[in-house]
1. Residues Thr18, Thr28: which one is without any contact (Cβ under 8 Å) to a residue 12 or more places away in the chain and under 9 Å from the mean Cα position of the chain (by Cα)?
2. Please go through region 19-44 and give me each residue that is surrounded by fewer than 11 Cβ atoms within 10 Å (Cβ to Cβ) and under 20 Å from His55 (Cα atoms), ordered by number.
3. From the list Val78, Val59, which one is modelled with pLDDT under 85 and under 11 Å from the mean Cα position of the chain (by Cα)?
4. Being farther than 20 Å from Gln76 by Cβ, among the β-branched types (Val, Ile, Thr) and in contact (Cβ under 8 Å) with a residue 40 or more places away in the chain narrows it down to one of Val41, Val12, so name that one.
5. Filter region 24-41 down to residues that are touching a helix residue (DSSP H, G or I) at 6+ places or on another chain (Cβ under 6 Å) and assigned to a loop (DSSP other than H, G, I, E, B) and give me whichever is nearest to Ala71 (Cα to Cα).
6. Criterion first (modelled with pLDDT under 85, loosely packed, with under 15 Cβ neighbours inside 10 Å, not in a helix (DSSP H, G or I) and not hydroxyl-bearing (Ser, Thr, Tyr)) does Gly11 satisfy it?
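The values are calculated or read from the model by the stated rules, or taken from the named source; none is laboratory data. Note that the structure is predicted; figures quoted are calculated from it, not measured. Here the Cβ positions follow ideal geometry from the backbone for every residue, glycine too, while neighbour counts run over all protein chains shown.
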Amino acid sequence: MSEKIASPCIGVCTLDPTDRTCLGCLRTADEIARWSQMSSVERVQIVLQLRVRRHAQGVGGISASRQQRRARKLTQLVS
């Protein structure tokens, strides 16, 4: 796999103090820190795990766009 996999960051970069998971993209602090060194295969694995995490938390379905998720998270953070 030679193509670059884009970061799943949605621009809501706040770590949950309890589990050190980003409230925006749901990646762990370790996943965020290692992203630039990961292979494309590792990145795809993380992206697939994020879909499961989002679904489990009811944060949006697999088809939810990055913009929709970002708007929803920003609204939740300011509420």
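1. Thr28
2. Asp19
3. Values: Val78 fails: under 11 Å from the mean Cα position of the chain (by Cα).
Step by step, each of Val78, Val59 is checked, and only Val59 is modelled with pLDDT under 85 and under 11 Å from the mean Cα position of the chain (by Cα).
4. Matching residue, one of Val41, Val12: Val41.
5. Gly24
6. Working: modelled with pLDDT under 85: no; loosely packed, with under 15 Cβ neighbours inside 10 Å: yes; not in a helix (DSSP H, G or I): yes; not hydroxyl-bearing (Ser, Thr, Tyr): yes.
Answer is no for this residue.
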